[in-house]
Amino acid sequence: MKKIYLFTFAVLFTFSVFAQSEKGFVYLKNGTILKGKYHYSDAGKLRVESAGNIWVFDAAEIDSVTGRHATRMAQLENLPQYSRIFYRTELGVLAGNSQNSQSAPMSLTGTVNYLVTPQFSAGVGFGAEFLKESYLPAFVNAEYKVRNSWSSPYFFLKAGYQVPLEDSREIYYDVQPYWSASSFWPGPQPSHSYGELDPKGGILINPGIGYSHLFSPGFGMSLGFGYQFHRLHYKGEKDYGLDIDYNRLTVKLGFIFN
């Protein structure tokens, strides 16, 4: 869990660095020119610190801004229109029980999403997850942004199927109480080995929350936390079947592209 905490801290620190104020000139439509520090708020306003004073302006009041992010003001007024299709690549872990043989498997997924409205999107995704076997998750994805702005919390729901990519590497046993003549007390003994079972995959459901920030119309980052449920089915000889449930906390860093 320490690695997860460090991972989360590093991402939050990165977001805070990008949120720092910029220095430059702000040109208002009424002819006023302000020199100082400025930064954009989540509500699409510009906050300017100049000569010991603080002003907050709407996008409609700004003529232009010079600085590293000078073009952002014009982009703010048309944020939902620049592209209705965006891509997100996510890398993270599926954190679970520390006593499990796979306590935190790696997960890599990618989605193609379409903006149905400025705040709601739907899409499809694929990826790779390394549980006891390697799987290809295929799913549909729905997201809702709390605010139509450059930075916003969002809710998401993924639902689909885990497709196995390899044969099982585990040997499963049928375990039951067994009476031994050499032992006074009965104990669990394997009565039969089913050998390597054939993985068939299973359903997955992954609801969660996250926070996204766009640094430009073409690039952004996100950090998401969720709960992921898998039910993986295995099939053996003589119609033997085995279901294994996974209940995991997902922690994923995402990269957004247009």
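Quick notes on this one:
- F255 paired with T117, simple spin-label distance in nm, labels 7 Å along Cα-to-beta-carbon: 3.2
- Exceeding the 25 Å Cα-Cα cut-off - candidates K23/K252; K45/K252; K158/K200: K23/K252; K45/K252
- Neighbourhood net charge (11 Å Cβ-Cβ; Lys/Arg +1, Asp/Glu -1) for R231: -1
No value in this document is a laboratory result; all are computed from the given coordinates. Here the structure is a predicted model, which is why all the values come from computation and not from measurement. Cβ atoms come from the backbone with ideal geometry, glycine included; neighbour counts cover every protein chain shown.
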